[in-house]
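**Student:** Structure below; questions to follow.
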Amino acid sequence: MRNIIVCIHQVFDPLASLQLSANEKAVCPQADEEHLLTIEPSDLAALEIALQLQKTHQTTLTVICAASAAAKDDLRYCVARGATNAIHLLVSEEDRLDTWNTSLLIAEQLKQISFSLILCGEIWQDIMDRSFGPFLAEHLGLPQITRAEHVEIHNDTIQARSVCDHGDRELITCPCPALITIARFAQQPQYVAMKKRLHVTDASIKTIPVDEKAIPSALTQISMIGYPRPRVKYQPPPEKNLSASERLKSLIQGGQTKKQSDLTIHEGDTAVLAQKVIAFLEETGIISKQ
Amino acid sequence: MTLGDIFVFAEYTTNRWLDGSLEAIQEGARVARQTASNLVVITIGTPCADLDAVLEKQPIQSLISVEHPLLTTFSTDGYVIALSQLIEQYMPSLFIASATLTSQDFIPRLCARLKAPLVSNCVRISLGDNQRGFVFVKPTHYGQFYTTFACEQTPAFAMLLPGAIGIQPPSEYSPIQVKTFTPHISPDDIRTSMLERTKGDPRSIDIREASVIIGAGRGVAESDCWQTVESLADLLQAPIAGTRPLLDQGLVRRERVIGQTGKNVKPDVYIALGISGAYYHIQGINPASTIVAVNIDRKAPIFTHSKLGIVGDLRQILPEIIDRLQKLKRD
């Protein structure tokens, strides 16, 4: 078992007060705002899982981040939490990277490192983007498992329990090395004592300045950021068989109600009613699904 | 100006097309009209015959069914290889999919392989300035802002935020030309394998993910049959959700409340027990869901939204249903 890599990313703090910049192409903190960026919560869940694997397999754990100088405190937290070392790909404040060029930068760095497993969060919440993990896996040619909530390593294979539709779970296996994205609620990050944080030395964080020209160009360009919702969601008009009051209710609810034209109401003997329900559940496949 | 075709990736469950995919088809049709392009729907696997009837009502010119024995179950590698071969052959200008868990798994990887631009969770797609490329709008910064992205490179990929557009009744129909595409995939290409799939624990899953939900209302609390409802939920392997009064009484947790003050759910079947059907509650249920209502009041508004309405006392009907279910299970 070789090194485990955890990729972390800084997102806008959900509690931070933001405003548009003058050119409407960026978002900046309001004048009295101090705390703007924080570690993506799903990345913290990935770190917790990596720490558990590190303990089990007695391996090293490297945290990597491509961000501005503000990320150093977050890397310090990761090292204080138990990471062996950290790599900070330092970009300037103005170069806010998107998922594409961040994944390319990190992939270039990881090509120089030996590792068995890469973990990262499933999403960059602030921009609602789940692309980073699959991008990085493709750049490095690794198999990927997404939205894992539990990871185990057996010799040279990885088993991960992944979150699927309807609350189902899939147990997926793949060979090492691989990239696994971790579901946001897989683990709760633990607190780190201030004493531990203070003991983290700068030697454990390797800072690599990234030249502006070395940053790969983005495939999409931001042309504008704005406040209003750009389109109104389609609302079906109230159905004709509704009464006036029901039509009004339907409009208030955004067309959510739908009067069933084929409704059948049954009353009478309990045994017959119960049988009607059972027959309906069978017809809809609910019982046979069990 | 005519661009390449507009491709829409459509997904379906065992018995219906995903609402998000129908939204993607409609958005694709709108963009295709703007660009005077053809709309082509892409499916992987063989759709059921009765599902095709839904697509026939959509403004689709053609459908490409990607078929291969290794694509019967989902694998990131298999889907990426198949669709990258398809896209390299047809070179569409735009590829749209709904941002479901499946598409969010493989589409970013597909884009990385093709070095194509991707905008995920967007709510609007339109033609770019001077009819070059496309413009995408998506919510960013936790929904505080909407960001407009422009990209001139094609093919461009977009994943639509499910539910953001709404399903409109289709306005035009045309005969669908169905083609089959068989990609070249070898078993060695697929590096991940699924060992087992387990059903989510109904007592702990997020109710937004559930396909069957048992909704309990004030009637359950008043008739003192909470334990019977729990037994029914265990038998049906369904989570229990509730209305606001049940939260106030401490019977359901906050994350299990449906409606204006709770969550919006989209189960296939919603079993409403002792729920009157106030629109604060109904608002939280997807109109596509089938509702079965049991209520003692024949005039309860819930019946107007139900497919099956049962008028009766929960204390008598529920034990009878549970008995029959247990008997069925034993048999």
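Read-outs throughout are calculated quantities, based only on the coordinates presented, and are distinct from any laboratory measurement. All values reported here derive from a predicted model rather than from experimental measurement. All Cβ positions, even for glycine, are placed from backbone atoms using ideal geometry, and neighbour counts span all protein chains on display.
**Student:** Counting only DSSP beta bridges with both residues in chain A, what percent are antiparallel, rounded to the nearest 5?
**Tutor:** Approximately 45 percent, going by the DSSP bridge assignments.
**Student:** Same structure, new question: List every residue whose amide H lies under 5 Å from the amide H of residue A:157, counting only residues 5 or more places away in sequence or on a different chain, with H placed 1.01 Å from N in the peptide plane.
**Tutor:** Placed amide hydrogens put A:176 under 5 Å from residue A:157.
**Student:** What distance in nm separates the simple spin-label points at residue B:297 and residue A:58, each placed 7 Å from Cα in the Cβ direction?
**Tutor:** With each label placed 7 Å out from Cα toward Cβ, I get 6.9 nm.
**Student:** Sticking with this one: Rounded to the nearest 20 Debye, what is the dipole magnitude of region B:207-330 about its Cα centre when Lys and Arg each give +1 and Asp and Glu each give -1 at the C-beta?
**Tutor:** Rounded to the nearest 20 debye, it is 260 debye.
**Student:** Next question, about the same structure. Placing +1 at every Lys and Arg Cβ and -1 at every Asp and Glu Cβ, with all other atoms neutral, what dipole size does chain B have around its Cα centre, in debye to the nearest 20?
**Tutor:** 580 debye
**Student:** Once you charge only the Cβ atoms, +1 for Lys and Arg and -1 for Asp and Glu, what is the size of the charge dipole of the protein assembly as shown about its Cα centre, to the nearest 20 debye?
**Tutor:** Numbers: 59 positive and 68 negative charges, 141 e Å.
In total the dipole reaches around 680 debye.
**Student:** I'd like to know which of B:292, B:258, B:305 lies farthest towards the positive end of the charge dipole of region B:234-331, counting +1 on Cβ of Lys and Arg and -1 on Cβ of Asp and Glu.
**Tutor:** Farthest towards the positive end: B:258.
**Student:** Here is a further query. Take the Cα coordinates of region B:241-331, assign each an equal point scatterer, and use the Debye formula without solvent to give log10 I(q)/I(0) at q = 0.11 Å⁻¹.
**Tutor:** Once normalised to I(0) and log-transformed, intensities are -0.33.
**Student:** Let me ask another. Contact order normalised by length for region A:1-104, with contacts defined as Cα pairs under 8 Å and 6 or more residues apart; what percent is it? Intermediate values should be presented prior to the final figure.
**Tutor:** Working: 143 pairs, mean separation 29.7, N = 104.
After rounding, I find 29 percent.
**Student:** Step through the residues of region A:111-125 one at a time and calculate ³J(HN,Hα) from phi using the Karplus curve (6.51 cos²θ - 1.76 cosθ + 1.60, θ = phi - 60°), rounding each to whole Hz and writing x for Gly and Pro.
**Tutor:** 5, 8, 10, 8, 8, 9, 8, 10, 10, 8, x, 6, 8, 9, 4
**Student:** How big is the equivalent ellipsoid of region B:6-189 along its three axes, where each semi-axis is √(5λ) from the Cα gyration tensor, reported in whole Å from largest to smallest?
**Tutor:** 24, 20, 16
**Student:** Taking other Cβ within 10 Å of each residue's Cβ, how do A:128, A:224 sort, fewest first?
**Tutor:** With the sparsest Cβ surroundings first, the list reads A:224, A:128.
**Student:** Right, another one. Run through region B:94-161 and list the trypsin sites (Lys or Arg not before Pro) located in a DSSP loop whose Cβ has at most 12 other Cβ atoms within 10 Å.
**Tutor:** B:115
**Student:** Name the chymotrypsin sites (Phe, Trp or Tyr not before Pro) in region B:105-186 that are in a loop by DSSP and that have at most 14 other C-beta atoms within 10 Å, would you?
**Tutor:** Those satisfying the criteria are B:173.
**Student:** By what distance, in whole Å, do the Cα atoms of chain B stretch along each of the three principal axes, largest value first?
**Tutor:** 65, 43, 39
**Student:** Separate question: Extending each Cα 7 Å along its Cβ direction at residue B:330 and residue A:13, get the distance between those two points in nm, one decimal.
**Tutor:** 6.2 nm
**Student:** To continue, here is another question. Starting from 0.36 nm per residue, how many nanometres of slack lie between residue A:114 and residue A:279 once their C-alpha separation is accounted for? Before the final figure, lay out the partial values.
**Tutor:** Details: separation 165, 0.36 × 165 = 59.40 nm, distance 5.95 nm.
Difference between extended and current length: 53.5 nm.
**Student:** Can I ask one more? Put +1 on the Cβ of each Lys and Arg and -1 on the Cβ of each Asp and Glu in region B:104-218; which of B:159, B:214, B:192 then has its Cα farthest toward the positive end of the dipole?
**Tutor:** Value: B:214.
**Student:** Using a basic spin-label model with each label point 7 Å from the Cα along Cα→Cβ, how many nm lie between residue B:13 and residue B:168?
**Tutor:** About 2.6 nm, to one decimal.
**Student:** Restricting to DSSP H runs of at least four residues, report the calculated mean residue ellipticity at 222 nm for chain A, -39500 (n - 2.57) per run over all residues, nearest 500 deg cm²/dmol.
**Tutor:** Value at 222 nm, helices only: -8000 deg cm²/dmol.
**Student:** Taking the number of other C-beta atoms within 10 Å as the exposure measure, put A:194, B:159 in order starting with the fewest. Don't jump to the answer; show the numbers that get you there.
**Tutor:** Working: A:194 9, B:159 30.
The order, fewest Cβ neighbours first, is A:194, B:159.
**Student:** Which whole-Hz couplings ³J(HN,Hα) result when phi for each residue of region B:238-255 is put into the Karplus expression 6.51 cos²θ - 1.76 cosθ + 1.60, θ = phi - 60°, listed in order with x for Gly and Pro?
**Tutor:** Values per residue, Gly and Pro as x: 10, x, 9, 10, x, 9, 4, x, 6, 5, 4, 8, x, 7, 10, 7, 4, 6 Hz.
**Student:** Once the Cβ-Cβ distance between residue A:198 and residue A:221 is put in as r, and R0 is 41 Å, what FRET efficiency do you end up with, to the nearest 0.05?
**Tutor:** 0.45
**Student:** Rg and Dmax of the protein assembly as shown over Cα atoms: what are they, in angstrom?
**Tutor:** 25.9, 79
**Student:** Tell me the angle of helix A:99-110 to the major Cα principal axis of chain A, expressed in degrees between 0 and 90 and rounded to the nearest ten.
**Tutor:** For A:99-110 against chain A, the angle is about 40 degrees.
**Student:** Name the GluC sites (Glu not before Pro) in region A:1-71 that are in a loop by DSSP and that have at most 10 other C-beta atoms within 10 Å, would you?
**Tutor:** Qualifying residues, ordered by number: A:34.
**Student:** A follow-up question, please. Roughly what % of DSSP beta bridges within the protein assembly as shown run antiparallel, to the nearest 5? Please list the in-between numbers first.
**Tutor:** On the way: 42 of 119 bridges.
If we restrict to bridges inside the protein assembly as shown, about 35 percent are antiparallel.
**Student:** Which residue, A:18, A:214, A:3, has the largest displacement toward the positive end of the dipole of chain A when charges sit on each Cβ (Lys, Arg +1; Asp, Glu -1)?
**Tutor:** Of the listed residues, the answer is A:3.
**Student:** Where does the charge balance sit around residue B:250 when Lys and Arg score +1, Asp and Glu -1, over other residues with C-beta under 13 Å from its C-beta?
**Tutor:** Around residue B:250, the surrounding residues sum to +3.
**Student:** Still on this structure, please answer the following. Below 8 Å, C-alpha to C-alpha, sequence gap of six or more: please give me the relative contact order for chain A in percent.
**Tutor:** Over chain A, the number comes to 20 percent.
**Student:** Evaluated at 37 °C with a viscosity of 0.692 mPa s, what Stokes-Einstein diffusion coefficient in µm²/s does region A:4-214 have when Rh comes from the Kirkwood expression over alpha-carbon pairs?
**Tutor:** On the way: Rh = 17.6 Å.
Once the numbers are plugged in, D ends up at 186 µm²/s.
**Student:** Moving on. Once amide H atoms are built 1.01 Å from N in the peptide plane, which residues 5 or more positions from residue B:181, or in another chain, come under 5 Å H to H?
**Tutor:** It is B:65, B:66, B:67, by chain and number.
**Student:** If amide hydrogens are placed 1.01 Å from N in the peptide plane, which non-local residues have theirs closer than 5 Å to the one on residue B:306?
**Tutor:** A:260
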